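Only the coordinates and a few stated rules stand behind these numbers; no lab work does. The structure presented is a predicted model; accordingly, all values stated were derived computationally and were not measured. Note that we place each Cβ from the backbone using ideal geometry, even for glycine, and neighbour counts take in every protein chain shown.
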Amino acid sequence: MIIEFVGTDTEAAGKSISELAASWGYPAEPVRAGEPVKDPDAKAVDPISLTALILSIPSAMLAVADITDRIRKRRRAGELIERARELQTQQSTARLVLEDRSVDLATLTSDQLLDLITDEP
């Protein structure tokens, strides 16, 4: 980032900003007006890094798809649990029957329900 100061006491203003940036862990180098500014972030493209980035795109897309699917399923699980809680007020119980036990849906959270369903064969 380059900050230019215009006014009567630009040196004090630059020093003040430099001290603030240094307190954040970013040492700032003051630049005089008219001096050529070199960009410290200008770098060449590393072909190995670029290849690694390109190869990581499919796995990143898969991760996003998994997260999206989990969010959709979580919303549906929440609706199912809310309906089970409504039924409980009407003296009815909705239970999830698993291979080795059954669980009252009204007592579960969305994540617990999804984990139980995922663990079943």
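Some observations on this one:
- Distance between the pseudo-spin-label points of LYS73 and THR107 (7 Å out from Cα toward the beta carbon): 2.3 nm.
- Computed 3J(HN,Hα) for region 98-110, one whole-Hz value per residue from the Karplus formula 6.51 cos²θ - 1.76 cosθ + 1.60 where θ = phi - 60°, is 9, 4, 10, 6, 10, 10, 5, 4, 5, 8, 9, 9, 4, glycine and proline marked x.
- Full extension of the segment from GLN90 to GLU11, taken as 0.36 nm per residue of separation minus the current Cα-Cα distance, would add 20.9 nm.
- Computed over neighbours whose Cβ is under 15 Å from that of THR107, the net charge equals -1, Lys and Arg +1, Asp and Glu -1.
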